[in-house]
Each structure stands twice: as C-alpha cells, then as structure tokens.
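Below is one structure, written out as structure tokens; the observations come after it.
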Amino acid sequence: MRQISRLAALACLMVLPMSAHAHDVNGDWRGVLEVSAEARLRLALHVRQAAGGGVTATLDSIDQQAMGLPVTQLVVSGDHLSLQLEQPAASYQGRWDATSRTWIGQWRQGGQVWPLTFAAARPPTPEDLPTEAQTASLIDDRIAGRPGEGIVIALLSPADTRVVARGPVGDRPPFDGHTLFEIGSLTKLFTALILADMALKGEVTLDDPAETYLPPGAHMPERHGHKITLRDLAMHRSGLPRLPDNMPFGNPEDPYADYSEKLMLDFLSRYTLPRDPGSRYEYSNFGFGLLGYLLARAAHTDYPALLAQRITGPLGLHDTVIALSPEQQTRFAQGYDTAMHPASPWTFPTLAGAGAIRSTADDMAIFLHAAMDPASVIAPAMRLTTASPRPLGDGRNKGGLGWVIGTGADGQQLLFHDGGTGGFRSSVILEPGRQRAVVVLANAAVEPSTPDLASHILLAAPLLPTKPIPPMAHPAVTLPPEELDRVAGQYAFADGHMLTISRTTTGLSAKLGAQPAMPIYPATPLSFFWRLVNAQLEVATDPAGQVTGAILIQNGRRAMAKRVTP
C-alpha cells in the first residue's frame, strides 16, 4: 500500500497566486484518497486569503498525522483548481462542480493517479459521533474471535455522556461502566497533574532538580553540569532510559513487582546520561515512575495517598485506585496477553507513577469532563500541564506534562495518551475546544487494540483491520545447564545491534542493544521465547553442533544475527 509521506509542517507559508475572476477557494476543504480497497486517507486543504491579495495554503494527511504540509503552488482560474507540493512530490487538478459544490479531480503522486474530490469542510458536531448502536457494533467487530475480551467506551460531548460496553465473549459476566481495568500509562496523566498541583501551591517548582527529593546520600546522574529537573521527568526529557537495566524480572508475568527502591537508587547512582537533560524527548517509564516517587517524598506520603489527596478524592473517583478492595476485586476484569492467554495483574511497588492505576469507564468519564472544564478543581493544574509544550521530534506533535498535544484537521487542539500492561490496553483523546472526549478500555493486549478505536470514534480516522490472533510459543521445557551454557554469548545483527544472551540462576536472559535484559524460555534445545513480548529466537548451529547464530522472530519478521563471542 502506497501512502503519502509523513513530513513535518514548515513554519513559513508561501503566498500563492489566484486569478481575480476565480471561484472562491478560501476556506477548509476535505477529501478522501482511495489509495486501495483497504486504505482510505483523509486529506484536509486549508486556504486562507492573504493581505496582499494572494492566498496561503497547507495540506493535512489526517490519518498519517502529517499536518501543515506546505502547498508550494496553488492556482485557481475560473472553475479550475491546481496545487502542488514539493514534499511529498504530489499535485492535484480539479474542476468546480456547481451541482455538488465540490472540486472533482485527480491526485498524482509517485507515478500513480487517484480520483479525489474536495468538499467544503464543516466543523464536526455531536451528531457526527457514532450512536450507541454504532459504537456497540464497532466493539463487537473488534472482539469477535477473542474469547474473554470485552471493551468499554465512554464518549463525551456537550450533549451527553455515553458509556457503551460489550463483551466479554464467553460465559463471564458482561462488562459495564463499573468494570475495573488496568489503565497502564494513563497513570502518567495523573502523575503529571499531581506535579502541576504541587507546583501551583508552591510545594515544588517544575525546575527543581530531581535530586532535591531523593533520600540523603542518594545521587542523580547529571551531564555537563545540567541536572535532571522535575519538568524533564514529566516531559520525557531526562535522558533516563525507557526501563532501567537492573530489573530482576523475578516474575516475568509481573515485571515491575520486584523492582525495589534500593534497585532504583542503585541504578541512578551509576547510570551515565547519553545526552544533556532537557535536550531531547525519549519516552521513559522509569522516569515517570521516579517522578511519582519523588513527588510522594516531597509531600511526605506515598504515591497512592498522594493520588487520593490531590486528584481522585477531590473529583470523587472512588474506583480510580491502585490497590483494589475485596468488592472492587469482584469487578476487576481478567486481562489477556497478545495471544489471548490469561495475564497476571501488574504491580508497581516503586514505580507506581508510571502505570499502577486501575479505573473504570465511569470514573474516566468524570476525569475527562473535569480535564476539559475550566471551572473544575483540577482546571488550574490541567492548564499548567499543557502550558509550555515542546516538540516530540516526530514533526507533528508536542509534549506537555504527561499529555501528547496534537492538532486536528481543522486546527482544533487534541490531547491524547495510550496505556498498556500485560493484559490491558487503554486510550484517551480530548478535544477541549469542542468539549468532546473518548476513553477506550480493553482487557486484552491483542493488536489492534484501543488507539484506532478512539481515533475512529472521535476523529473519524479509519479502523485498522482486525487480524487473527498470532500464535504464542510452546510451553517452556527444562534444559540441562550445558544446553543453556552453549547458547549464551553475543550475537551481532547486520544493522549493528547486538543481542546478548546471558546465563542466570534460573535460566537465560536476552538483552537487545540498550534495552533491559528479559528472561527467555526454551521451547526446544534450539528455540526460545519471551513471555513479556510475543517474540521467539531460533538458534543456528553448524554440522558439528556448534552455535553459529540466532534468528529473532517478531511481528512476522525474521532477523539473522551472527554469533561473535561465546
């Protein structure tokens, strides 16, 4: 499938000519490019009258989130419209149809031609949102063939709040707005709000060095005299890695459970930052978990209590918690992994601020309403989280404190985030200017999961095709120590990445590049699999039985690595 290239928006626009007797093209226009039977790309053309008599124009490829592509030439002469882009190299020619009041023409790119009609855009209204029946149908289509999975969606608009629940498939009780899910990294939104609230109350400042709130004798890494600040942690600009390299993974089904405060402080004391703090965006679960820990220390409490004091208590979010009561446990959904096998709940004794919260669609709807309400108790903190965004480096979105900040096809601000644990997925999107939002909660890690559903419901983005569930590796077998020893070593991929397989007290671990080491398990003497990710490893040998390499298999791809050191 060929698609329009994703390119960053440029700051400057060219003033383009327009005939004095041309049809009025000023305004916003939308069209759908039928690239293939499976791929429909929504385009938005924005044309603005310039003071000097010409126009300025940009194009958005909405579904690729490529916004503000500069139109380098736009000419309207009578009933004819033509435009060109340099990056991507593409052009359009159309003719005004007075009956349909549309531009009907052809899009040319990469030697191919597709029909494309532009119609005058109008802002979406609540009536554009899916009905309850349509939303239920979307969920049914997604969970079909996934026994045990259910999805709950809360859709907010100025007119009403709808909560639609379907599933799980099978004999389990049906889900509803009170069903509890792990929300994973949506926890970071709460942690960022706690930081903003504490900063507004003068208890901390965003630019406080993080080391200020460490225990006595503990140390934070720094580089070239630059210290990591609380703001750096909340904007993923600390220079700390996604995960530390000393996670024990004692229980691979609950990977954060045995990561202690001591291990965290030991890692900080010896880690060398690869870049100056604040200089570049790099998503870090570890950094946000550390932020929650530091805020709790600054407030002289623990993270669950801090969450209740600052956010969930004032908003009345009684089901947005970390530890479940016996009654809540009866409403907690069973999670499923990427192969729809039952998954264990995740616990975060030290890094709770990164992903420990459980919640319901009903509670999340209350939270999102408050996040968009300028008079709510969290409104001042919410404003601070989005006040000074920084580019994420993807050319289209910015990052605030916790939130990812984007722009819709018609210039409306969007706030969004996704979350995931071993058996759950979650997504939220807010459109504050229109007081619209959506949250999607699912009890399975099978992809596609929640992000495309959220984008489709609120922004009319296309859905991803639901594919058969990928097979997981066979159950682990027990191998004698000598069989494990012969596999240990370093393996080099053609792109320069290194895979390190090491012996542990319980078996083997594998570390790819700078990623943390994770346990791998034998399915046969020469094949292994991960439990934390859906990936397998096949070991290659020569005729004498000596290990010569390994093949990494993930997402249908196979990558060969040569063994370089035993």
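The values are calculated or read from the model by the stated rules, or taken from the named source; none is laboratory data. What you see is a predicted model; the values in this text were computed from it and never measured. Note: ideal-geometry Cβ built from the backbone for every residue, glycine included; neighbour counts use all protein chains shown. When the accessible area is computed, the model is the full protein with side chains, heavy atoms only, and any ligands, DNA or RNA have been set aside. Shrake-Rupley method; radii C 1.70, N 1.55, O 1.52, S 1.80 Å.
A few notes on this one:
- Amide proton proximity set for Thr541, modelled H, under 5 Å, gap of 5+: Thr548
- Global geometry of segment 361-477, whether rounded, prolate or oblate, following the gyration tensor of its Cα atoms and the 1.5 cut on a/c: prolate
- Accessible-area ranking of Trp103, Trp346, largest first, probe 1.4 Å: Trp346, Trp103
- Here the peptides 79-86, 109-116 are ranked by packing, the mean other Cβ count within 10 Å, and the order with the highest first is 79-86, 109-116.
- Rounded to the nearest 20, the size of the Cβ-charge dipole of the chain about its Cα centre is 1040 debye, with Lys and Arg at +1 and Asp and Glu at -1.
- Charged side chains reduced to their Cβ positions (Lys and Arg at +1, Asp and Glu at -1) give segment 476-566 a dipole of some 220 debye around its Cα centre.
- Dividing the helix sum by the residues of the chain, where each DSSP H run of 4 or more adds -39500 (n - 2.57), gives a mean residue ellipticity at 222 nm of -5000 deg cm²/dmol.
- For Leu230, neighbours were defined as the other residues whose beta-carbon sits under 10 Å from its Cβ, and their charges (Lys and Arg +1, Asp and Glu -1) total -2.
- Peptides ranked, highest mean first, by Cβ atoms within 10 Å: ranges 317-329, 541-553: 317-329, 541-553
- The mean sequence distance of close C-alpha pairs (under 8 Å, at least 6 residues apart), as a share of the length of the chain, puts its relative contact order at 12 percent.
- A cut-off under 9 angstrom between Cβ atoms defines the neighbours of Ser344, and their net charge, with Lys, Arg +1 and Asp, Glu -1, is -2.
- Sparse-neighbour loop sites [GluC sites (Glu not before Pro); segment 163-232; at most 13 other C-beta within 10 Å; DSSP]: Glu203
- Solvent exposure of the chain amounts to 44 Å² per residue of accessible area, where only protein heavy atoms count and the probe is 1.4 Å.
- Placing unit charges on each Cβ (+1 for Lys and Arg, -1 for Asp and Glu) gives segment 99-241 a dipole about its Cα centre, and among Phe175, Val204, Ile151 the Cα reaching farthest toward its positive end belongs to Ile151.
- Using the Cβ-Cβ distance between Ala120 and Gln84 with R0 set to 25 Å, the FRET efficiency from 1/(1 + (r/R0)^6) comes to roughly 0.70.
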